Structures are given as C-alpha cells and as structure tokens.
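Quick notes on the structure that follows.
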Amino acid sequence: MSNVEILGYVASCLLLLAMLMTSVVKLRIINTIGCILYIIYGLYINAYPVAIMNLAIACVNIVHLCRNRFSKNSFKILPIKNDDSLLKPFVEHNKADIESNFPEFTLDDRQYACSYMILRNMNIAGIFLANDAGDGNLFVVLDYVVAAYRDCKVGDFLFNTQQDMFKRQGFNKITTISGSNHHSKYLKKIGFKEIDSESGIKTFCLEL
C-alpha cells in the first residue's frame, strides 16, 4: 500500500470518526482535519473535484467554528425544585450520558442547597445540583451539560462569572468528585484544582 493510499484511508477514517461525535465543535474540528487530508490526497492523484469539494467543506467548518468561538452567547440561570416539570424528563432523557460522568447520581426527593437549570441562548444546556457540606463548602452532586454545549462556556459562566451568586449564599468554595478523565479535564480547564485522589476517586475544589 502506497503512502497516498494510506493518506486516503486516514482521511476517510477521520470523516467517519467525526460523524460519531456528539459535540458539534469536535465534529467540525475532526471533519476539518479529514478534509485537509483529502485535499492533499485529491491534489496528489489529480482528483481536483475531490480537493475542491473538501476545501469548500473545510471552509464552512472553519467559519462555523469561528462563529462559535467569538459569537456572544446569552446565558440564564433558572432556580428549580425537584418537582419541576422539566427536571425529571430531562434527567431521564439523558440518563445514560449522566451516569457515564456521575455514576452515583440518582434523582430523589431531597432538596438541594443550589438547584439550577442553565439556559444558553434560551435552550436548556445543563443542570446543576449541589448540597451544603458545611463550613462554606458547596458540594456538587450533578453538573451536567448536554453534549452540544460542551465547549466549557457553560461551566465558565456558572463557576467563574457567577461566583458572587454562590458567595451571597455563604459559600467560599465548591468541591466535586470526578467520575472520568474527561470530567477531570473539564474541571481543570474551568479553574478547579485536584486536592485528593484516594482510592482512585479524584476530588476537586474551586476557591471562590
């Protein structure tokens, strides 16, 4: 198998991988890389229609990625209760995805110290549930964001922009447990610091 054939197969695999992404941002990034490889492949074998088509697709992806990166988003926090008509259906619909990052979470009748639904451009982007652990410590039970909005903007808005909201409620730090490497990377990216990793359970803290 020649190098150019390998290049074509790699490009095809990347385009297939992009279709498996639940995050639109990741889909466009991987798709763009695949398109660039296909452009090189097309030029190498003189298949100019292939190169031109993939150049156009790559340009479309880049435009959308730039819009997503630099466009202004409208965020809103809505206080909710356990009997909220949207909470249970939302959790049930995203149950498998929630369990992958929060395997211990179950929705019950308890009342949380902080219970919010986060909207992004008036779409439901995520759910935040946390308990008062005492001594000004707010312990996160659930910080779930739907796949389409996992670019850390929701987390940055909640944990950084809205810190005064938590301070007014008497909290000076937020702690949480990570259930996966993906979740740990997300926490570090928005400012949490790992403070413990006993028994394989990683605990993170954000000082307010």
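The values are calculated or read from the model by the stated rules, or taken from the named source; none is laboratory data. This one's a predicted model, so the numbers in the text were calculated from it and none came from an experiment. Heavy atoms of the whole protein, side chains included, go into the accessibility calculation; ligands, DNA and RNA do not. Shrake-Rupley method; radii C 1.70, N 1.55, O 1.52, S 1.80 Å.
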Which ³J(HN,Hα) values in Hz, rounded to whole numbers, follow from the phi angles of the stretch 189-195 under the Karplus curve 6.51 cos²θ - 1.76 cosθ + 1.60, where θ = phi - 60° and Gly and Pro get x?
5, 9, x, 6, 10, 6, 10
Would you kindly work out the equivalent ellipsoid of the chain from its C-alpha gyration tensor and give its semi-axes, the square roots of five times the eigenvalues, largest first in whole Å?
41, 18, 16
Per residue of the stretch 119-128, what does 6.51 cos²θ - 1.76 cosθ + 1.60 with θ = phi - 60° give for ³J(HN,Hα)? Whole Hz please, x for Gly and Pro, Karplus curve as stated.
9, 10, 6, 6, 10, 5, 9, x, 10, 10
Could you give the angle, 0 to 90 degrees to the nearest 10, between helix 48-70's Cα long axis and the longest principal axis of the Cα atoms of the chain?
20
Which pairs break 21 Å Cα to Cα here: Lys153/Lys188; Lys72/Lys153; Lys26/Lys81; Lys76/Lys188; Lys153/Lys189?
Lys26/Lys81; Lys76/Lys188
Once the whole set of protein chains is in place, how much accessible area is left on Tyr9, using a 1.4 Å probe, in Å² to the nearest 10?
130
The stretch 38-95: mean projected area of Cα convex hull, nm²:
7.2
Listed residues Arg69, Arg168 arranged by accessible area, highest first, probe 1.4 Å
Arg168, Arg69
Could you pull out every residue, at least 5 positions away or on a different chain, whose amide H is within less than 5 Å of the one on Lys202? Hs are placed 1.01 Å off N in the peptide plane, and Pro or chain starts have none.
Ser178
Value at 222 nm in deg cm²/dmol, rounded to 500, when DSSP H runs of n ≥ 4 in the chain each add -39,500 (n - 2.57):
-14000 deg cm²/dmol
Once phi is turned into θ = phi - 60°, what whole-Hz ³J(HN,Hα) does the Karplus curve with 6.51, -1.76 and 1.60 give for every residue of the stretch 27-32, x standing for Gly and Pro?
4, 5, 5, 5, 4, 5
Counting only residues 5 or more places away or on other chains, whose amide H sits under 5 Å from the amide H of Phe75 once H atoms are built in the peptide plane?
Asn121
Once you order the gyration tensor axes a ≥ b ≥ c over the Cα atoms, which shape class does the stretch 103-208 get: rounded for a/c under 1.5, otherwise prolate or oblate by comparing a/b with b/c?
rounded
Determine the distance separating the Cα centre of the stretch 81-148 from the Cα centre of the stretch 49-79; give it in Å without decimals.
28
